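Laboratory data are not the source of any read-out in this text; all were calculated from the coordinates shown. Everything numeric here is computed off the predicted structure, so don't read it as measured data. Using ideal geometry, Cβ is built from the backbone for each residue, glycine included, and neighbour counts are taken over all protein chains shown.
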Amino acid sequence: MVSAMAVSGLGFGQKAIYKDAGAPVQQRVRDLISRMTLDEKVGQLNQVNGGVLTGPAVANDPGQQGKVKLLKEGKVGSFLNVVGAAQTKEVQRIAVEESRLGIPVLFGFDIIHGAKTIFPIPLAEASAWDTEGALKAAEIAAKEASSMGLHWTFAPMMDVSRDPRWGRVMEGSGEDPYLQAQLAAARVKGFQGNFDENHVLATIKHFAIYGASEAGREYNTVDVSRYAAWNYYLPPYKAAVEAGAATVMNSFNLFEGEPASGNNYLVNEVLRGKWGFKGMVVSDWASFGEMMAHGYAANETEAAIMALKAGSDMDMESGVMRNTLAQSVKDGKVSEALLDAAVARVLELKFKLGLFDNPYKYHDEAKEKASLLTAENLAAARKAAANSMTLLKNSDNILPLKSPKSILVLGHLAESQNDVLDFWKGLGDHKNTVTVLEGLKAKYPGATITFVKGVNRDGKLEAGAEAQIKAAAKKADVIVATIGLYGDLAGEARSLGNPEPSKGQMDMLAAAKLTNKPLVVLVQAGRPMIITELMTKYNTILYTWIGGTQHGNAVADILNGDVNPSSKTAMSFPVSVGQIPVYYNHYNSGRPHKDGNEGPGDFWVSRYRDTPNEPLIPFGYGLSYSKFEYSDLNISKPEINQNESVTVSVKVKNSSNVDGTEIVQLYIRDLVAQPVRPVKELKDFKRVVIKAGETATVTFELPATKLSFYDADGNTLLQKGDFKIMVGPNSRDLSEVKLVLK
Ligand code: GLC
């Protein structure tokens, strides 16, 4: 009878190396893998949903009892959607105390923009152009999430997108690769900290190029060139790898005809090869198995092998690895060494988080209770929301509303706690939210505030609404009307073919306008809507996006001037659906249209006959209660070589009587290059506080390296020649100066 000690290969009293907290991680990993059966190894690559569905139910779902059985057999490496200090502790207890090797599980969840205290949606946060604020928000989210037993968030999402028909534009940072990259890196750092128990593992997602889903239709084909991939879509993921993100999530889509989950070029060549990513790659929900629906894998066995060989590791929910991989190794279809490499990447994370030494460090109910919805977190969320709301028009100077005696509030969205949260609300509870109506009542306690619903959640005009509005307006100093999309329409599987305000909402506004009372329109949506008619007919428009737990207080802070708006949209607003995709960093074409400046000879140019080329609202646009005037754009020298940098300076005067924050933007254009370059590329920005009446000199250091770009193989190109350096308040209203790269 071989003693258990002999089997474990340990001398009497000797502790297994993997249990030795003092041993190097790699040694502990190797030791543990040497003790694991094939099934236990495959088990580490198995991620199982243990809570709410965030994707379609799968055929391989083992059911609750089945999941507990798998857990005891050491066949679950991670759970998603299991949350709460108590619940996760019990699951962890089973994993650690009732399985043969006691390997702890990882708990993952979509903490996208807050855990319990919900911040503005990332697209709104992006319009604050505030990397410090984004880092802070991620830190707060991580502290709340980790107190709830979570080790890992499936965030930040950093998919560049130019198509507001796609419901997930809310989840990223808009159309520009540079802004998206800066924010992605900040959020990674905020989520992860130093991998202590107040932080969580971050996920780079969705790798890659999911934001280019054709026609903005969810889960649709992606078909972009490598040149476009490298210059428009990949930079944010690269920045997040450089920021030290621990994990990456495959995207659902194809790239070059191959699903991202099994795409050797994306995962092995780019992510792991060129960028040196050593962390773990998890599939998106069932995306390994979906390689069969794509028509790429003939069966589960092939799908699992393709994913593993491409460099992807953990199977979220599809079960194809659980079902087939051990047999494939036995059949020699895939090497055990490859399996071990993937298992090692999972185990390394668990050792790095200290889960083998203290598996219950994330499961403290008292800490959980003390960490959630704190006054500090709520204040940070309120400030972030106010900084994210974009003032699009204030041409009658109605705002700020200093001391109205009576306010008439219109629209379902103004009273709806549900709709200030989006689909990716994390663990946010609508019961904790502040609506516009509540925010205004708190801000103007002496005012009479009347509410008329006007339109319901689906945007339909309520019977008698126009008469109600007319009557109620008689006693109102000002009307504040809310239109837009309900919160749950922002997120996954929420593409819209026609993202514009409903007829009922526009009728409600028309009724309000007929009263001739000052009218403030609030637009609440998780995407740029088609608001051409709105911008034409109404003079005071605040795009509130979806502000999260403190939405209503943030709106009130702006409306009364406690916060001077500074937000600048991170996505262009199209004039019409027909104009999509419209984005600022486009190529010039061989027959460029001089929108608005065309002459008689400009017929044969790149344009529509019925629609302008320029968006309704350009990338980087937003107003303030202050008035900023730019002048004296200067460059320290007219030419530089490839190892030099140049200092760009501009004067910005705040000619108003209100202190304000201006987001000063710097763009370049490489006038002649092979391949061609866009007419503009954002390369730097600064949030500058400028006091009333004062002038700031804003300077940027522009190294020659920022004039570079990628070729189709991801090699960096820096080509001599003429450049334009442009600076201004948005991507349209720019002053420029020449620079020569020698
Ligand atoms: C979803 C999403 C992904 C999310 C995952 C888990 O389908 O695409 O972003 O992290 O499943 O909820």
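Run the helix sum for the chain: -39,500 (n - 2.57) per DSSP H stretch of 4+ residues, divided by residue count, reported at 222 nm to the nearest 500 deg cm²/dmol. About -8000 deg cm²/dmol. Along its three principal directions, the equivalent ellipsoid of region 416-539 from the Cα gyration tensor extends over semi-axes of 25, 19, 12 Å, largest first. Site pair LEU53 and GLU73 shows an inter-label distance of 2.4 nm when each label is modelled 7 Å from Cα along Cα→Cβ. Farthest toward the positive end of the dipole of the chain, out of VAL727, PRO259, GLY426, is the Cα of VAL727, where the dipole comes from beta carbon charges about the Cα centre.
Extension gain, SER225 to SER655: 0.36 nm times the residue separation minus the Cα-Cα distance gives 150.2 nm. FRET efficiency for the GLU415 to ASN539 pair, using the beta carbon distance and R₀ = 25 Å, is estimated at 0.55. With R₀ set to 45 Å, the beta-carbon distance separating LEU718 from GLU90 gives a calculated FRET efficiency near 0.20.
For region 295-399, the Cβ-based charge dipole about the Cα centre amounts to some 340 debye (Lys, Arg positive; Asp, Glu negative; other atoms uncharged). Across the chain, C-alpha contacts under 8 Å between residues 6 or more apart give a mean separation that, scaled by the residue count, equals a relative contact order of 13 percent.
For the pair ASP331 and GLN65, the difference between a 0.36 nm per residue extended length and the Cα-Cα distance amounts to 92.8 nm. Relative to the Cα centre, the charge distribution of region 398-560, modelled as +1 at Lys and Arg Cβ and -1 at Asp and Glu Cβ, gives a dipole magnitude of about 560 debye. Distance between the pseudo-spin-label points of LYS738 and PHE195 (7 Å out from Cα toward the beta carbon): 5.2 nm.
Farthest towards the positive end of the charge dipole of the chain, among the residues ALA476, GLY216, HIS151, is the Cα of ALA476, using unit charges on the Cβ of Lys, Arg, Asp and Glu.
For ASN560, the residues whose modelled amide H falls within less than 5 Å of its own, excluding neighbours fewer than 5 places apart on the same chain, are LEU401. Ordering VAL329, GLY590, GLY289 by Cα displacement along the dipole of the chain toward the positive end leaves GLY590 in first place; charges were set at the Cβ atoms of Lys, Arg (+1) and Asp, Glu (-1).
The lysine pair tally for region 674-736, using Cα distances under 15 Å and a gap of 8 or more places or different chains, is 6. With the convex hull of its Cα atoms as the shape, region 625-741 has an orientation-averaged projected area of 7.1 nm².
Summing charges over all other residues whose Cβ lies under 9 Å from the Cβ of TRP424, with Lys and Arg as +1 and Asp and Glu as -1, gives -2. Stretching the chain fully between VAL689 and ALA366 yields a gain of 112.2 nm (0.36 nm per residue, less the alpha carbon separation). For the chain, treating each Cα as an identical point scatterer without solvent, what Debye log10 I(q)/I(0) comes out at q = 0.06, 0.10, 0.12 1/Å? The computed values of log10 I(q)/I(0) come out as -0.38, -1.01, -1.34. Of the cross-linked pairs LYS189/LYS309; LYS627/LYS651; LYS405/LYS513; LYS41/LYS89, those separated by over 25 Å at the C-alpha level are LYS189/LYS309. Under the simplified labelling scheme, the ASP711-GLU614 pair shows an inter-label distance of 3.7 nm, with each label point 7 Å from Cα along Cα→Cβ. Here r is the Cβ-Cβ distance between ALA493 and LEU373 and R0 is 30 Å; the resulting FRET efficiency, rounded to 0.05, is 0.55. Dipole size of region 625-741 about its Cα centre, with +1 on Lys/Arg Cβ and -1 on Asp/Glu Cβ: approximately 200 debye, rounded to the nearest 20.
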